[in-house]
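Enquirer: Take a look at this one; I'll ask things after.
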Amino acid sequence: METSLIFFPQLNMCESKEKTFFKLIHGSAKEETSKEAKIRAKEKRNRLSLLLQKPEFHEETHSSRPRHLAKETRVSLEEAVRWAESFDKLLSHKDGLETFTRFLKTEFSEENIEFWIACEDFKKSRDPQQIILKARAIYEKFIQSDAPQEVNLDFHTKEVITKSLTQPTLHSFDAAQTRVYQLMEQDSYTRFLKSDIYLDLIEGRPQRPTNLRRRSRSFTYNEFQDVKSDVSIWL
């Protein structure tokens, strides 16, 4: 009769029975702990996945953001009153610029202030390669026909900018920036001072949700040829 032998690699016959027993128990405990850890990690991932899918989780996240933003953009009454003194003072103040931009978004004309800001940044460029790249980017975004955020400029001004792109300078957009500044000053700025966004600030009322209004008729520079604007903020 043949006897079958079963080998246990983890058993060392030279070791004491107590030691062998300890290794078997300890090894199986490790395996059990590892399995339990994997199961717990999987359960945690599943619970987190379910939590992220709950609508109330997203509502809480979004509802907390406006309170944070409102705190960051807090404006003193004295500063807000100064914005009414001139358009130049409004744009020279960081919070004034942000508040005016928010107002323009309600009128779907934020491309004007974004173009003005892009020109301000462009004139700070020093590297020749950066001047070329930024000039092309501004042209494609704001100037060329059917640009994604095309500003309202006369044909002559556009033509001058187009020709300057081969060798742009820091003054390539000066004429266009002056025209857009004047349009905002004579058109958008006067409405901004009468808007709820501004009146809420100077009267200390809590900020209310802004309603988007239909875009007003676009003005061209020809309507303001006799207007002399203070553009010292860029010079």
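Enquirer: What's the number of the condition Leu77 fails, among (1) surrounded by 13 or more Cβ atoms within 10 Å (Cβ to Cβ); (2) in contact (Cβ under 8 Å) with a residue 12 or more places away in the chain?
Expert: All conditions pass for Leu77, except number (1).
Enquirer: Mind checking which residues of the stretch 140-194 are in a loop (DSSP other than H, G, I, E, B), open to solvent by 40 Å² or more (accessible area, probe 1.4 Å) and closer than 24 Å to Leu97 by Cβ?
Expert: Pro148, Gln149, Glu150, Asn152, Leu170, His171, Leu193, Lys194
Enquirer: Could you list all residues from the stretch 93-139 that are of a type in the set (S, T, N, Q) and either farther than 25 Å from Gln167 by Cα or open to solvent by 10 Å² or more (accessible area, probe 1.4 Å) (or both)?
Expert: Thr99, Thr101, Thr106, Ser109, Asn112, Gln129, Gln130
Enquirer: Next question. Pairs under 7 Å by beta carbon, first residue within 21 Å of Gln182 (Cβ to Cβ) in the stretch 129-153, partner open to solvent by 80 Å² or more (accessible area, probe 1.4 Å) and not in a helix (DSSP H, G or I), six or more apart or different chains?
Expert: Lys141/Pro148
Enquirer: How many residues does the stretch 83-127 hold that are basic (Lys, Arg) and either within 19 Å of Asp196 (Cα to Cα) or touching a residue at least 60 places away in the same chain (Cβ under 8 Å) (or both)? Let's see the steps before the verdict.
Expert: From the stretch 83-127, those basic (Lys, Arg) are 89, 94, 102, 105, 123-124, 126; that's our starting set.
Okay, now just the ones that are also either within 19 Å of Asp196 (Cα to Cα) or touching a residue at least 60 places away in the same chain (Cβ under 8 Å) (or both), so 102, 105, 123.
Summing the residues that are basic (Lys, Arg) and either within 19 Å of Asp196 (Cα to Cα) or touching a residue at least 60 places away in the same chain (Cβ under 8 Å) (or both) in the stretch 83-127 gives 3.
Enquirer: Does the stretch 71-100 hold any residues that are assigned to a helix (DSSP H, G or I) and of a type in the set (Val, Ile, Thr), and which are they?
Expert: Val81, Thr99
Enquirer: Kindly indicate whether any position in the stretch 115-126 is of a type in the set (S, T, N, Q) and modelled with pLDDT of 95 or more.
Expert: yes
The values are calculated or read from the model by the stated rules, or taken from the named source; none is laboratory data. Just so we're clear, the structure is a prediction, and the values are computed from it rather than from any experiment. Positions of Cβ are backbone-derived with ideal geometry, glycine not excepted, and every protein chain shown enters the neighbour counts. Note: areas computed on protein heavy atoms with side chains; ligands, DNA, RNA excluded. Shrake-Rupley method; radii C 1.70, N 1.55, O 1.52, S 1.80 Å.
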